[in-house]
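A short write-up of the structure that comes next.
None of the figures in this text is laboratory data; all of them are computed from the coordinates on show. Just so it is clear, the model here is predicted, and its values are computed rather than measured. Glycine also receives a Cβ, built like all others from the backbone with ideal geometry; neighbour counts cover every protein chain displayed.
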Amino acid sequence: MKEVTIIIPVYNRAAVVASTLQTVLAQTYRPLQVVLVDNDSTDNTWQVLEQFKQEHDSEDFKVVVTREQHHTAGAARNRGFEHATGEWVLFFDSDDLMRESLVASYVDVLERAHEQGKQPDLISARSTLIFPDGTQREAPFHKSDLFANHILHGQLSTQRYAVRREFFAQTDGWNINLPGWNDWELGMRLLLASPRVAYMNSKSQVIINHNGADSITGTEFHSRRGQWEHVIDVIKVEIQSSLLKPVHKTRFLRLLEYRRLVLAAQYEREGHPESAKPLCQEAYQKLRASYHGSRRWRWLVAPVTRRLFARIAAGKRGSARIARLLY
């Protein structure tokens, strides 16, 4: 049986992390390695993690507890990865939940792929978002056009995939210098490394507490204005310097500018038109430049782009589906 490692950073979550850990303990698959990284908490998180290790560490359920003083989840995840021994790795958050068959389902996908002579590097899975008001929604999940769907929806966000450890080790890991959206940026770098991707067909087995603070599909942005734009610019450079074919580069860069437009619309929706207008204009101008003033831009893309901005600012959903076809 292949060992699987689950890495969970924890910062001041002593009161809530137990629920997450119980869902990890309930996994039907063994052997597991669980790496818990205290991100220099100021509460009794360390004691809670140590107690979990003392009570549950065993030959087929190995628990590692370690510390990371750099106060970012990315740094904590990198620290956890240093301790990973499993052939496959899952990253998880300390307030989210996994159904008991999650790891077994990943392994089932892997074994089926091997039977077909395939060797995946990454497995994408479904997830359920729970919002602060208690409403739930299935996160967008697509089994094709993964590049575009990650740009638009963050399909490879933290809890939504498993990755082969040796493949992940070839990347630079989590970017600890980004202020947010670091899982979005990491997902792009993973895709740029040309992984062999498999998909889990089962229903959602991950429940994500979606508070919007750092999510690509979050609900509050303006308080950290400038930080999100920086992440978009970082990803833009990564795409430009990649080995992608020019036609793919052009499309993905356009979708990235659409994400900039979405951010501007979020600022507008939050009541900050003074920030929304220049950002919208920036995205619009960069999109226009990529079409070189063509008839398609003038008669189709430009007017639809303006309508998409208005739709998003009004809180209407479904614009990403249009964008995927438009750009």
Legend entry - Residue among V301, Q281, L255 farthest towards the positive dipole end of the chain, charges placed on Cβ: V301
Inset, instruction - Putting +1 on Lys and Arg Cβ atoms and -1 on Asp and Glu Cβ atoms, find which of S105, I151, S204 reaches farthest to the positive end of the dipole of the chain. - result: I151
Legend entry - Magnitude of the charge dipole, the range 222-326, Cβ model with Lys/Arg +1 and Asp/Glu -1, debye to 20: 620
Inset, instruction - Pairs of Cα atoms under 8 Å, at least six residues apart: use those to get the relative contact order of the chain, whole percent. - result: 15
Inset, instruction - Compute the acute angle (0 to 90°) between the alpha-carbon long axis of helix 182-192 and the principal axis of greatest extent of the alpha-carbon atoms of the chain; round to the nearest 10°. - result: 80
Inset, instruction - Only residues of the range 49-93 count here: report those whose backbone N is under 17 Å from the spot 7 Å along Cα→Cβ of N12, or say none. - result: 68-74, 76
Inset, instruction - Could you quote the convex hull projected area for the range 1-99, Cα atoms only and averaged over all directions, in nm²? - result: 5.5
Inset, instruction - Could you quote the convex hull projected area for the range 222-326, Cα atoms only and averaged over all directions, in nm²? - result: 6.5
Legend entry - Fully extended contour minus Cα-Cα distance, from D57 to E87, at 0.36 nm per residue: 8.9 nm
Legend entry - Debye, to nearest 20: dipole size of the chain, +1 on Lys, Arg Cβ, -1 on Asp, Glu Cβ: 2400
Legend entry - Ranked packing of 116-123, 29-36, 227-234, most packed first, by mean Cβ within 10 Å: 29-36, 227-234, 116-123
Inset, instruction - Return the percentage of antiparallel bridges among DSSP beta bridges fully within the chain, rounded to the nearest 5 %. - result: 30
Inset, instruction - Could you sort out which of K53/K236; K53/K143; K203/K316; K203/K236; K245/K316 sit more than 31 Å apart by Cα distance in this structure? - result: K53/K236; K53/K143; K203/K236; K245/K316
Legend entry - Semi-axis lengths (Å, descending) of the ellipsoid that matches the C-alpha gyration tensor of the range 4-209: 25, 19, 18
Legend entry - Spin-label pair S202/W299, simplified geometry with 7 Å Cα→Cβ offset, distance in nm: 5.1
Inset, instruction - Determine the shape class of the range 115-235: with a ≥ b ≥ c the square roots of the Cα gyration tensor eigenvalues, call it rounded for a/c under 1.5, and otherwise prolate if a/b is greater than b/c, oblate otherwise. - result: oblate
